[in-house]
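Read-outs throughout are calculated quantities, based only on the coordinates presented, and are distinct from any laboratory measurement. Source: prediction; values computed, not measured. Quick reminder, even Gly has a Cβ in these numbers, built from the backbone with ideal geometry, and neighbours come from all protein chains shown.
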Amino acid sequence: MSTAHALLGLLDRSPAYGYSLKHDYDELLSPDRPLAFGQVYSSLARFERQGWAEILTVESGSGPERKLYGITSDGVAELDSWITTPQTTGAFAASTLFVRISIALLSGRDAQEVLVAQRRSHMERMRELTSRRRGAEPAVLLHLDYELAHLDADLRWIQEADQRLEALREQWKTVDPRRSDEEGVRR
């Protein structure tokens, strides 16, 4: 997810201070992974440099200055573009789990053990998310259902990967790690 674009989207709702943007982000978009204040303020500075946001007022007080930011028309156009442009399908292809399984196989480690541990972790997380669904508000439900759907898809992939481990192990036995780059790998 583009954290910066999410912050820009929150700023589109109404002018805001960095502190309130962080609070809204944490509460509405990522309750399990709070955002660092530094990331919020560096994003706001970048928005200002790019012409996506502007400082509307600066308030001085006993602490540091408080800057109220508002989105610009260029910021709205950028946000519209980000929202309406489909996520590239390749974003799902670079799974860390896929790479971990592949490296385990290539290095002679027990890839099935990795799958079993990941399955156990996914199941535990799914139970936790399912229990949190009871009585949750609609926005939280949407977030929880999204994560549950991805965990479910991962579990299906884990099952399929488990069924293919031996064939893949056999196929990759012929890959010589000392081959020259010109030789390539036969598939």
Cα-centred dipole magnitude for the stretch 89-173, charges only on beta-carbon of K, R (+1) and D, E (-1), debye, nearest 20
120
Restricting things to alpha carbons, tell me how big the chain is in terms of Rg and Dmax, in Å.
22.8, 69
Rounded to the nearest 10, the angle in degrees between the Cα long axis of helix 37-50 and the longest principal axis of the Cα atoms of the chain comes to 70
If you build the Cα gyration tensor of the stretch 3-84 and take the root of 5 times each eigenvalue, what three semi-axes come out, in whole angstrom, biggest first?
19, 17, 10
Looking at the stretch 89-173, what % of the alpha carbon pairs are farther apart than 15 Å?
63
Given an 8 Å cut-off on Cα distances and at least 6 residues of separation, report the relative contact order of the chain as a percent.
16
To the nearest 10 degrees, how steep is helix 96-106 against the longest Cα principal axis of the chain, on a 0 to 90 scale?
20
